[in-house]
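One structure is given below, encoded as C-alpha cells.
Quick note: the coordinates plus some simple rules give every number you see, no bench work behind them. Because the structure is predicted, anything quoted here is derived from the model rather than measured. Here the Cβ positions follow ideal geometry from the backbone for every residue, glycine too, while neighbour counts run over all protein chains shown.
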Amino acid sequence: MSNIVNEFNEYRTKMNEVILSKENLVIKRLWNLDTNTYAAGALDVKTKELLGLVASMVLRCDDCIKYHLGKAHELAVSTDEMYELFAVANIVGGTIVIPHTRRAAEYWEALQEG
C-alpha cells in the first residue's frame, strides 16, 4: 500500500490509542456514536460512507476525507462512482473544495495502487 496511506493509517491508529487511553467518557461516547452512525440501517453502509465523504469534503476535513476514502475503497466503490461523488461535493461546497478534491484524488489513486 502507498506510503501516504500507510502513514495516515499508522498515525490515526497511534493517536486514537493515545486519546482513548485517557478514559474520557464524553470522547468515548462521541466516538461510539460516530461508529454506530455508519452501521447498516435504513441506509446501507456504502451510502452512509459516501454521505460522510461528501460532508467531509464540504467541511474541508482532510483527515475525514482520507478516512472515508479508505472505507469507500474497502466497500468496492468504483472510480467512476468516486468522481461523481467529487462532483457533488464541489457543487455543494463550491470552488473552495477544489484543493481538497485534488488531495482526495491523490489519496484515491494511492488506495487503488494498494
Hits in region 65-78 (condition: surrounded by fewer than 12 Cβ atoms within 10 Å (Cβ to Cβ) and on the phi < 0 side of the Ramachandran plot): 78
Out of 13, 101, sole residue that is among the hydroxyl-bearing types (Ser, Thr, Tyr) and exposed (fewer than 14 other Cβ atoms within 10 Å of the Cβ): 13
Answer from 18, 26, 5 - the residue that is under 28 Å from residue 98 (Cα atoms) and β-branched (Val, Ile, Thr): 5
2 or more residues small (Gly, Ala, Ser) and in contact (Cβ under 8 Å) with a residue 12 or more places away in the chain: qualifying helices (runs of 4 or more DSSP H) within the chain: 45-59, 62-74, 79-93, 98-113
